[in-house]
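One structure is given below, encoded as structure tokens.
The values are calculated or read from the model by the stated rules, or taken from the named source; none is laboratory data. Computed from a predicted model, the values in this text were never measured in an experiment. Because the Cβ atoms are built from the backbone with ideal geometry, glycine has one as well, and the counts that use them run over all protein chains shown. Areas reflect the complete protein model, heavy atoms only, side chains present, ligands, DNA and RNA absent. Shrake-Rupley method; radii C 1.70, N 1.55, O 1.52, S 1.80 Å.
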Amino acid sequence: MSSMGLFISTGSSENHVVYLAGDPAHFQAPPFLCLRTCALAELFWPRRGPVAPASAGVRSRETQSSSLRSAMSGEDVPHRAESSEARAAAVSDIQDLMRRKEEIEAEIKANYDVLESQKGIGMNEPLVDCEGYPRADVDLYQVRTARHNIICLQNDHKALMKQVEEALHQLHARDKEKQARDMAEAREEAMNRRLASNSPTLPQAFARVNSISPGSPASIAGLQVDDEIVEFGSVNTQNFQSLQNVGTVVQHSEGKPLNVTVIRRGEKHQLRLIPTRWAGKGLLGCNIIPLQR
């Protein structure tokens, strides 16, 4: 067999040779030179096609890694609010990555099976005989391609596992934040219930202030429109029958202070009202309407 070769220096005392005659070309190089040497060898002979169906469609390390990075990229996945739908989407992404992991592992095994079928040659055994010629007992092209595929797939597997780890960290962080929010909301709700149970029950009002004249005794006492009256002198919710009860108290209390209790915007207020004659009509200067209960 004639031997015409291209020598590739590795920077060490040992040179690695690519033979271009006889059977399919072959090289022997350490793993860290495999990809570079394969690319150079492609300049001198065409590919015969894939070694086995498992290696069909294997992409280059750069293309595969780019695809893996985009699977969990923030540019491809829009930011979504925390919700059960967002968590389900994150879990689905992780499941897709795990399926791809299993596919890569199956492809790696298939390529190792190819090496095993070639007399168990493995990844590091020499492919030249003692005289420096390509071995005739193995398919050199299949061995070279299988080794190349294994190295590319192992790099892809490493990048993919990093993506899975990052995705799991993000999912757990999202769950932790949601749990903290839920606990804070539960504490706040419990506190509100306690405050509501401890707050005194406001008495029921029987009348409401409908209008007040400026400068009137009611205005001076501090009554406001929409104040709900729960006590007016001796009249309260229990003994109130009609507005005539209030009128009677006012008539008998001219010039005398009356205790008036009102509810204003959910709070109880105590006022002192003195029925007095003034420039306007009546002794109060306000209009009161009964409440329908």
A 1.4 Å probe over the protein heavy atoms gives the stretch 122-202 a carbon and sulfur accessible-area percentage of 54
Computed from every Cα-Cα pair in the stretch 149-293, P(r) in 10 Å bins starting at 0 and rounded to whole percents is 10, 27, 16, 9, 8, 8, 7, 6, 5, 3, 1
The Cα extents of the stretch 216-267 along the principal axes, largest first and rounded to whole Å, are 30, 26, 14
Of 183-189, 211-217, 251-257, ordering from highest average Cβ density within 10 Å down gives 211-217, 251-257, 183-189
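What is the extension gain from residue 125 to residue 161, computed as 0.36 nm multiplied by their sequence separation minus the C-alpha to C-alpha distance, in nm to one decimal?
Residue separation times 0.36 nm, minus the Cα-Cα distance, leaves 10.1 nm.
Sorted by packing (mean other beta-carbon atoms within 10 Å per residue), highest first, where do 114-121, 91-98, 139-146 land? Each step should come with its number before you reach the end.
Working: 114-121: 16.4, 91-98: 14.0, 139-146: 21.9.
Per-residue Cβ counts within 10 Å, averaged per peptide and sorted highest first, yield 139-146, 114-121, 91-98.
With a 1.4 Å probe and every protein chain left in place, work out the accessible area per residue of the stretch 194-293 in Å², rounded to a whole number.
62
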Mean 1/r over distinct Cα pairs of the stretch 99-150, inverted to a Kirkwood Rh in Å, yields 11.7
